[in-house]
Amino acid sequence: MDFFDLFNMTIDGAQTASAKRIAVYNPATGEVFAHAPDCTPAQLESAVAAAEKAFRSWRATPLEERRARLIEAAACLRRNIDPLAHLFTREHGRPVEGARQEIEDAARWIEAVAQMPIPEHVYEDSDAQRVETRYVAIGVVCAIAPWNFPVSLAVWKVAPALLAGNTVVLKPSPFTPLCTLKVGELFSAIFPPGVLNVVSGGDQLGPLMTQHPGFAKISFTGSTATGKRVMQSAAQDLKRVTLELGGNDAAIVMPDIDVDEVAQKIFFSSFINTAQICVATKRLYVHEAIYDRLRDALVAIAKNAVVGDGAEQGVLLGPIQNKRQYDRVIELIKDARRQRLALIQGASVPVKGYFVPVTIVDNPPDDARVVREEAFGPVLPMLRFSSVDDVVRRANDSEFGLAASIWSKDLQAATAIAEQLDVGTVWINQVINLRPDTPFAGRKKSGLGVENGLDGLLEYMAPKSTYLSKAQTRT
Ligand code: NAD
């Protein structure tokens, strides 16, 4: 398979081109380097029809067989990790090592999901009756992925949906369609035709999908603004929805920490993947006793962090993935300058491409845009605090509720703070650790429903309760 040429959709098991195409940019240069198909309405119809047809046989395929196909899919990703990672770096910008990690994470995720038990409940099994609940597949799933982790976040949807016995039409972001299209092509040798369809296209394709009556469920990861539109569109047919949306995660750093050690971890959680992570640290609350020391330690790391083309050796942080996001982040920095906030920037960045230097905003007011909004780029506000009650109130004062972290040697005190935070995931002395067996769910405007863990798997299934009367069999 050629990984750098010919990007096709997978519809009903066939590699499918389209008359129109969308341009794909390398964010490290800002130049077009490939094209992806722009799915027509008729091609979307074919994909949904193929998925509907395949659903009848895939849901009847023994669970053990579905598990085996998923395990094969994970192995296939690993076998192709090198070309996929290089392609990933070109379309996404992330340094090759991180790109390999993305593919490896996706493989690991599929393997773990493939082994998840599906529960059954028996409430009564007496002489009179048997009452039980089993979980069954629901139909065709519409999976819509964002550009920040295009492969692994698609897998978060596809793996549980397929294990459950559903079929899928997957759409990557128009900014990062290529690796996902190649994964569709690779997997077409593993799953029967129509079980996993991958379509790509421009801005019109997402709404076309969410309006389509053929889908039983929409699983969406992206921004809160788009998530609202997806939910509105799903209401038409009362489709089920899972929405994983934006975040503005707080980290709370207590005065008893080891500054140098925690600075490394905070820098990682705030800036890795050029801060384009839903659960990145986006508001850093630091106790006044260590504020200056931690700020200086972070600045020292920032000054040494190499920002550049992810295809080059030694680069830690790549560009912002796309021009639209780049413009947003630049505007946020300009706004901070207009407000005369104190900005400290890290190592200089290349002029060409969508590069932004690591930027720390030194103790801005709580109502600054850079504190209220999700930057989704390397701009981190650091905020002083002196009392725990005050910092808990400020951390919770956000429309988002995705995740948070607390840093302290006093685990009891840290746990007490964790309990007061209105978020779906909280880390103590660690951060960005997500597992396939552990539910991940945003609160407030960070989302609706759950991904991962048994709760996440069951979002792709419906409980079906059976009441069986045994009275007649006894006579
Ligand atoms: P986005 O909302 O712009 O796009 C997400 C996807 O939705 C893309 O595939 C896009 O083409 C599609 N889309 C756009 N308009 C649509 C519409 N009207 N109907 C249906 N689909 C439509 O988001 P993005 O910029 O790709 O991703 C960044 C955002 O995603 C950030 O806010 C980030 O926090 C969030 N995110 C959340 C999680 C999570 O798990 N909570 C994970 C990653 C990213």
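The values are calculated or read from the model by the stated rules, or taken from the named source; none is laboratory data. Keep in mind the model is a prediction, meaning the values are calculated, not measured. Glycine gets a Cβ as well: all are built from the backbone with ideal geometry, and neighbour counts include every protein chain shown. Only protein heavy atoms, including side chains, enter the accessible area calculation; ligands, DNA and RNA are left aside. Shrake-Rupley method; radii C 1.70, N 1.55, O 1.52, S 1.80 Å.
Details
- Sequence-ordered 3J(HN,Hα) estimates for the range 373-390 from the Karplus curve with 6.51, -1.76 and 1.60 and θ = phi - 60° stand at 9, 6, 6, 6, x, x, 10, 10, x, 9, 10, 7, 9, 10, 10, 5, 4, 5 Hz, glycine and proline given as x.
- Protection proxy ranking for 131-141, 56-66, using the average of other Cβ atoms within 10 Å per residue and placing the highest first: 131-141, 56-66.
- Dipole orientation for the range 126-200: of the candidates T167, L196, G184, G184 has the Cα lying most toward the positive pole (charges on Cβ; Lys, Arg +1; Asp, Glu -1).
- Cα centroid separation, the range 253-329 to the range 378-399 (Å): 17
- Think of each Lys and Arg Cβ as +1 and each Asp and Glu Cβ as -1; about the Cα centre, that makes the dipole of the chain roughly 1000 debye.
- Convex hull of Cα atoms in the range 302-354, direction-averaged projection (nm²): 4.0
- The range 344-385 - Kirkwood radius from inverse mean 1/r over Cα pairs (Å): 11.4
- Against the empirical 2.2 N^0.38 Å (N residues), the chain has a Cα radius of gyration ratio of 1.02.
- Whole-percent P(r), the range 408-475, all Cα pairs, 10 Å bins from 0: 16, 31, 23, 12, 9, 7, 2.
- Net charge of neighbours whose Cβ lies under 9 Å from the Cβ of T167, counting Lys and Arg as +1 and Asp and Glu as -1: +1
- For the range 316-475: accessible area per residue (Å², 1.4 Å): 48
- Zone of M231's modelled label, taken as backbone nitrogen in the range 416-456 under 14 Å from a point 7 Å along Cα→Cβ: 442-450
- Seen from every direction in turn and averaged, the convex hull around the alpha carbons of the range 274-418 projects onto 9.3 nm².
- Degrees separating the helix 259-271 axis from the principal Cα axis of the chain, which is the longest one: 50
- Put a dot 7 Å past the Cα of E64, heading toward its Cβ, do the same for A189, and the two dots end up 2.6 nm apart.
- Counting only alpha carbon atoms, the long axis of helix 224-235 and the longest principal axis of the chain meet at about 20°.
- Isotropically averaged projected area of the range 154-224, using the convex hull of Cα atoms (one quarter of hull area), nm²: 5.0
- Evaluated at q = 0.13 Å⁻¹, a Debye calculation over the C-alpha positions of the range 12-144 (equal weights, vacuum) places log10 I(q)/I(0) at -0.84.
- Accessible area of the chain belonging to carbon and sulfur atoms, whole % at 1.4 Å probe: 52
- Eligible aspartates and glutamates near K352 by straight Cα distance, threshold 20 Å, same-chain separation 8 or greater: E31, E91, D309, E312, D327, E331
- Taking the Cα centre of the range 361-475 as origin and assigning +1 to Lys and Arg Cβ atoms and -1 to Asp and Glu Cβ atoms, the resulting dipole is close to 660 debye.
- The trypsin sites (Lys or Arg not before Pro) of the range 425-475 that DSSP puts in a loop, and whose beta carbon has at most 13 other beta carbons within 10 Å, are K470.
- Leading residue at positive end of dipole, the range 318-475 (Cβ point charges), from Y467, M382, F440: Y467
- To the nearest ten degrees, helix 291-304 and the longest principal axis of the Cα atoms of the chain are 80 degrees apart.
- Once the chain from A75 to D203 is taken as fully extended at 0.36 nm per residue, the excess over their C-alpha distance is 42.8 nm.
- Once the gyration tensor of the Cα atoms in the range 82-132 is diagonalised, the equivalent ellipsoid follows with semi-axes of 48, 8, 7 Å, ordered largest first.
- Dipole-positive endmost among A336, A234, A251 within the chain (Cβ charges, Cα centre): A234
- Note on E104 and K53: their simple-model spin labels are 4.1 nm apart, each label 7 Å out from Cα toward Cβ.
- The length gained on full extension between Q472 and T133, counted as 0.36 nm times the residue separation minus their Cα-Cα distance, comes to 119.9 nm.
- Rounded to the nearest 20 debye, the dipole magnitude of the range 169-296 is 740 debye, with +1 charges on Lys and Arg beta carbons, -1 on Asp and Glu beta carbons, and the Cα centre as origin.
- Cα→Cβ-extended label distance, 7 Å offset, between R369 and D292, nm: 3.2
- Percent of alpha-carbon pairs separated by more than 17 Å within the range 354-475: 70
- The Cα atoms of the range 209-354 cover 56, 40, 34 Å along the three principal axes, with the biggest extent listed first.
- Per residue, the range 1-141 exposes an accessible area of 47 Å² to a 1.4 Å probe, with every protein chain left in place.
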